[in-house]
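Below: the structure, in structure tokens.
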Amino acid sequence: MKVLNIDEVKGERLGDTEAIRKVLVYSENLMIMYAEAMPDGPPLSHSHPNEQIGFVLQGTIELTASGETVILKAGSSYLSQMNIM
């Protein structure tokens, strides 16, 4: 079992943006990541082979996965079973 506190994970900037991500716990098939993006910042695109679970703490995001685009707001959660772009 892997257990950690988010404060134990060093954040990294995403490209030339002000966005920060922290990869928390993961396995071969599943990953959970913490991300902060700035309002009106550039879109953050990435892909990976893992399933991903997410939860929006505040604000809204546009998420596209497996060719489907949804708008998520604070309180929304998602499970992406394919690559995210």
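Remarks
- Here 38, 1 are placed in order of increasing Cβ neighbour count within 10 Å, fewest first, which gives 1, 38.
- Whichever lysines have a C-alpha closer than 25 Å to that of residue 73, once near sequence neighbours (fewer than 8 apart) are set aside: 22
- 9 Å beta-carbon shell around residue 33, net charge (K/R +1, D/E -1): +2
- A simple spin-label model places the labels of residue 73 and residue 13 3.3 nm from each other, with each point 7 Å out along Cα-to-Cβ.
- You can think of it this way: the chain between residue 66 and residue 20 has 14.2 nm of extra reach, that is 0.36 nm per residue less the Cα-Cα gap.
- Alpha-carbon spread of the chain, three principal axes, descending order, Å: 34, 27, 25
- In this structure the amide hydrogen of residue 19, modeled in the peptide plane, comes within under 5 Å of the amide hydrogens of 14, 38, none closer than 5 places in sequence on its chain.
Every read-out reported here was derived from the displayed coordinates using simple, explicitly stated rules and does not represent laboratory data. Everything numeric in this text was worked out from a predicted model, so none of it was measured. Cβ coordinates were reconstructed from backbone atoms using ideal geometry, including for glycine residues, and neighbour counts include every protein chain displayed.
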